[in-house]
Each structure stands twice: as C-alpha cells, then as structure tokens.
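Here's the structure, in structure tokens; my notes come after.
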Amino acid sequence: MKFVAAIGRAVLDFLPAIGRLAIFTATSLSHCVRPPFYPRLIGRQMLDIGYYSLPVVGLTAIFTGMVLALQSYSGFSRFNAESAIATVVVLSVTRELGPVLAGLMVAGRVGAAMAAEIGTMRVTEQIDALTTLSTQPHKYLVAPRLIAGLIMLPCLVLVADIIGVFGGYLVGVYKLNFNAATYLANTWQYLETLDVVSGLVKAAVFGFIITLMGCYHGYNSKGGAQGVGAATTNAVVSASILILVSNYLITAIFFGK
Amino acid sequence: MTTAPKIRLSGVSKSFGPKHVLRGVDLDVSPQESFVIIGGSGTGKSVMIKCILGLLQPDAGSIEIDGRNVLKMKASERREVMRRIGMLFQGAALFDSLPVWENVAFGLIQGQRMARRQARDIAVEKLAQVGLTADVAYLSPSELSGGMQKRVGLARAIATEPDIIFFDEPTTGLDPIMADVINDLIIDCVKKLGATAFTITHDMSSVRKIASKVGMLYEGHLIWHGSVKKVDDSGNDYVDQFVHGRADGPIRMPVKKA
C-alpha cells in the first residue's frame, strides 16, 4: 500500500512540475520575441556559451574522432572494409556524436553555471530587486540566455564536427597509414547536407534545453546554498536526460524511415 | 480635511499552505509619513512588504497606492507604479555581475531607458549623497563592506527619485555606528525627496530615529499602530514586551528542543 502511495505522490508532484515548466517556457519565449531586447546581455551570453566552451568541446570532439577511427579500424579490418572508416567517422560525428557530446559538455559547463548564478540571485533577493526596478526578470535573465543558447550551440557543433573529423583524419593518416587524399575523398563522398543539417538542428534544440533547464532550476531555487546546489544538480541532470530523449526523437524524425 | 493615504491595505491576507501569515491586515500610510512596522521574526513583515511591491500575490484584500488598487492593474500599469517606488533590501541585493555605478543606475537605464553616460553621472551624484566617493562607482559589489553595500543599495533606491521608498531591515547586520549612519542617511534622503517611507525592522533604536508612525504586526494582525512618541507608552502588552525586549510577556517565541 505504501508503495502505491509513493507512486501516487510522485505522479502528483510530477504533474504540477510539468505545468510550472510549461508556463515558465511560454513566458520566457514570449519575452524572447517582444521588445525591449538586451543586445549587450545576449552578446555576453553568446561569448560565455560559445567562445568559452570552445576548448572543452574541441577537446571532446578531437578525441572522439580519434577513438572512433581507431575502433572502426579494429572492427572493419576483420571484413577488409577499412575504406569505410572515413565515412563512419564523418557520419557518426556530424549526425550524433558532435551534437550529443557537445550538448552534454555544455550542459555540464554552462547549464550548471546558469543555475548557480540565477539561483544565487534568487536566494539573495536580486531577482526581487529586478522587479522593483521595473525590469521583468524573464526578459532580463532568461530570454538573453535562451537566444544565446539557440544561436551558439549550432556554431559550437559545427566547429566540433570539423575538429572531430580532423581527429579521425589524424589517426587514419598518421597512425593507420591511410593515404591522406583517399581518406578525405572517402570523407566527402558519402556526406550529405542532411547529415550536417540534422546535427545543427539537434544542436539548436539542445542549446534551448540546456539554457532553459539552467534558468528554470536556478529561477525556482530556494533555501540558501543547499537549494542552489540542488538547482545546479537538477539543471545538469534534467538537461542531460532531455538531450538524450530529444536526440532520439529528432533522429527518428530525420532518419526513421 | 484628511489627506488621502499614499498606501492603503484593506483586509490583506496571505497564506502558504496551512500557514496563515497575514490575516486581514488594514493599514493606511499618509503621504510623506515614515511608517515603521515592527514585529518579531516570522510575523509576516517581509510578506507584507512583498505583497505591496507585487512580489507576492495576496490571497484576499486590496492594496492601493495613490488610491489605485495595484492588484487589479495590468502588468504595464504596475510597472509604471513601480517606477515611482524605491526599495532597499535587507542584504542590499546588489547585482554581482555589474559594477557599483551600474547597480545604482539600473532603474534609470533599464526602467527609464536613460543614456548610460547620463545615468552614470546621476549614479555618481547619488553615491556622493550617501557618502561614497566616485572611485567606489567602478568597484564590484563583492569588494564592498556590508555598510557600503547598504549605502549603495540606498543610492539605488533613491536614484529614480521615487515617491515611496521601502526599507527592509535597513540596519540588520550592521554595527551600531554604521546602523546610525544608515538611519541618518535614510532620514536625509527621504526628507530631500519628500517621499513616503515604509520600513520594516525589529531594531528599536532605528524605529525611534526614523519613524513618525509605528505599527506592530503579530500573528498576521496589525495589533497596534500610533505615533512613535506613544510607542513606549502604548498600553498594549505585546508592544510593551517587544519594545523593551523582555522574554516574559504575552508573546511566546517558538523554541524547538535540541
């Protein structure tokens, strides 16, 4: 009986939380398209999300491309299919690994920082102060972050795609002794626009999810340092799960024939 | 002839789940009056101020500012009213990401769309008014002491030259000398602006210095209000116990066993 009650309680807690998130999302989106806009804040967030995430995303991408080339070789060499390695690397990186790994890394770096910053603003009454200074907190705090996330994640993923493919090239040419021109030709031969575009669409969605979760959990944090800590954890965990779920859904839409 | 109240609360109630924080509070604050609400921790002082500022929505009652019910206003009308209100928060609530001058000028730049250069000049002027030099303007709030943060918070509250200024525990956490300095600054700023001041505090020396009228909140009710001159001789046991800081009396502090 206690078990059933626990399930019931969890469902009853979950439904209002979905409602709150939906209202928060709708309010924030409406402020993204209504003036006044804050170009200075959007620029600062773009720098934070895009430029400062480049090292971590670049490192993740290059080693992922390198490992992919190595692993593909160890498998494909058994079937004399080494020529497919370049294709496997470029398709895996552009379609899946580039956006997903960049999304997860940015969720850890940026989503956590956003939740901590906005959460601290909440518990120190800075968000209340915004309201008393005739400034809508959703417009000032959330909208610039959402816009920056939507724009910068695709840019980051484009860079990650290039670096990831380059990582595969390095291993293919310098470790596995493939001909450089052949490797590049194989890379381009089967790559289609849709492969890159689908990855960029995913990136835009992930950018939205990461910033939304960071802002939502930070905005609703309470109870001092412990509350801010919990908000940070929740932002990263929920963003990561939503990235993986939405990744499947977008893949199904683009390639699930 | 009686003047219309600047702020009027009628039957304001607010509950959080089963906890009834405000239970039908009625209160009038006249123009240019300095009204101070006293009461112990958890009696609903902060909730009352947040309801007036629109940070919380009361469950019942009405809140009028200049005769207009702010609870029934559209968001844009409400923002217009907020432009005429200043607020000093308990912990100053300065924005960490902005330098001091931008904190002070925030309401001018974001709320009134004033040019940044002009707003900066006004910010420096307001900082001087609260006894801070221009070089403080470019520091980060984290580089300031508690007393300086309160001064910057006060400069921010008066920057837009509001009609009404709210002070949430303005002297809490300050040493007695700095508390007195802040009290003097509050009196000075409010006088210069000709503003109405609404303060919540439990610091009695602050009450005696800045208040013209005092009200006491207890268990969600405004149990007494009157001139500051009568606060020591109110004839109300609850007020007497609070004013003299006695452990014995009708007010029982909830203390959990260790």
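The values are calculated or read from the model by the stated rules, or taken from the named source; none is laboratory data. The structure displayed is predicted, hence computed values, not measured ones. Quick reminder, even Gly has a Cβ in these numbers, built from the backbone with ideal geometry, and neighbours come from all protein chains shown. Please note that ligands, DNA and RNA were not included when accessible areas were found on the heavy atoms of the full protein model with its side chains. Shrake-Rupley method; radii C 1.70, N 1.55, O 1.52, S 1.80 Å.
Within 14 Å of chain B (Cβ to nearest Cβ), part of a helix (DSSP H, G or I) and touching a residue at least 40 places away in the same chain (Cβ under 8 Å), is that true of A:ARG109?
Numbers: within 14 Å of chain B (Cβ to nearest Cβ): no; part of a helix (DSSP H, G or I): yes; touching a residue at least 40 places away in the same chain (Cβ under 8 Å): yes.
Taking the combined requirement at face value, the residue does not satisfy it.
Condition test on B:GLY220, is it open to solvent by 10 Å² or more (accessible area, probe 1.4 Å) and small (Gly, Ala, Ser)? Step through it out loud before you land on a result.
Values: open to solvent by 10 Å² or more (accessible area, probe 1.4 Å): no; small (Gly, Ala, Ser): yes.
Spelling it out, it is not the case that B:GLY220 is open to solvent by 10 Å² or more (accessible area, probe 1.4 Å) and small (Gly, Ala, Ser).
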Next on the checklist: Looking only at the stretch B:83-96, count every residue that is surrounded by fewer than 24 Cβ atoms within 10 Å (Cβ to Cβ), more than 15 Å from A:VAL123 (Cα to Cα) and within 8 Å of another protein chain (Cβ to nearest Cβ) and tell me the total.
Outcome noted: 1
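Name the single residue, out of those in the stretch B:143-184 being part of a helix (DSSP H, G or I) and of a type in the set (S, T, N, Q), that is modelled with the highest pLDDT.
First, pick out the residues of the stretch B:143-184 that are part of a helix (DSSP H, G or I): B:143, B:146-158, B:176-184.
Now restrict to residues that are of a type in the set (S, T, N, Q): B:149, B:183.
On the way: B:GLN149: 92, B:ASN183: 89.
Result: B:GLN149.
Residue-wise test of (1) assigned by TED's automatic domain parsing to the domain that holds B:SER41; (2) of a type in the set (A, V, I, L, M, F, W, C); (3) closer than 19 Å to B:THR43 by Cα.
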{"residue": "B:GLY146", "(1), (2), (3)": "no, no, no"}
{"residue": "B:ASP180", "(1), (2), (3)": "yes, no, no"}
{"residue": "B:HIS221", "(1), (2), (3)": "yes, no, yes"}
{"residue": "B:ASN236", "(1), (2), (3)": "yes, no, yes"}
{"residue": "B:GLY245", "(1), (2), (3)": "yes, no, yes"}
Checklist entry - Which residue pairs have Cβ atoms closer than 6 Å, lie 6 or more positions apart in sequence or on different chains, and pair a first residue in the stretch A:122-139 that is more than 7 Å from every other protein chain (Cβ to nearest Cβ) and at pLDDT 90 or above with a second residue that is buried (at least 22 other Cβ atoms within 10 Å of the Cβ) and not in a helix (DSSP H, G or I)? => result A:ARG122/A:SER221
Item to check | Number of the condition not met by B:ALA195 [criteria: (1) open to solvent by 10 Å² or more (accessible area, probe 1.4 Å); (2) small (Gly, Ala, Ser); (3) touching a Pro at 6+ places or on another chain (Cβ under 7 Å)] | outcome: (1)
Next on the checklist: Being out of contact with any His (no Cβ under 8 Å at 6 or more places or on another chain), assigned to a helix (DSSP H, G or I) and under 22 Å from A:ILE127 (Cα atoms) is true for just one of A:GLY199, A:GLY207, A:GLY214. Which residue is that?
Outcome noted: A:GLY214
Checklist entry - Of all residues in the stretch B:164-186 being open to solvent by 40 Å² or more (accessible area, probe 1.4 Å) and more than 13 Å from the chain's Cα centre (by Cα), which is nearest to B:SER34 (Cα to Cα)? => result B:ASP184
Next on the checklist: Suppose we keep only residues that are facing chain A (nearest Cβ under 8 Å) and within 21 Å of the chain's Cα centre (by Cα) within the stretch B:97-112. Which one would you say is surrounded by the most Cβ atoms within 10 Å (Cβ to Cβ)?
Outcome noted: B:GLY107
Checklist entry - If you take the residues in the stretch B:52-75 that are in a helix (DSSP H, G or I) and more than 21 Å from A:GLN126 (Cα to Cα), which one is nearest to the other protein chains (Cβ to nearest Cβ)? => result B:VAL70
Next on the checklist: I need the helices (runs of 4 or more DSSP H) fully contained in the stretch A:1-91, keeping only those with at least 3 residues that are more than 25 Å from A:ALA148 (Cβ to Cβ).
Outcome noted: A:2-33, A:54-76, A:85-91
Checklist outcome for this item: Checked pairs for the stretch A:175-204, first open to solvent by 40 Å² or more (accessible area, probe 1.4 Å), second among the aromatic types (Phe, Trp, Tyr), C-beta under 8 Å and 6 or more apart or across chains, list as A:LEU184/A:TYR169; A:LEU194/A:PHE254; A:VAL201/A:PHE254
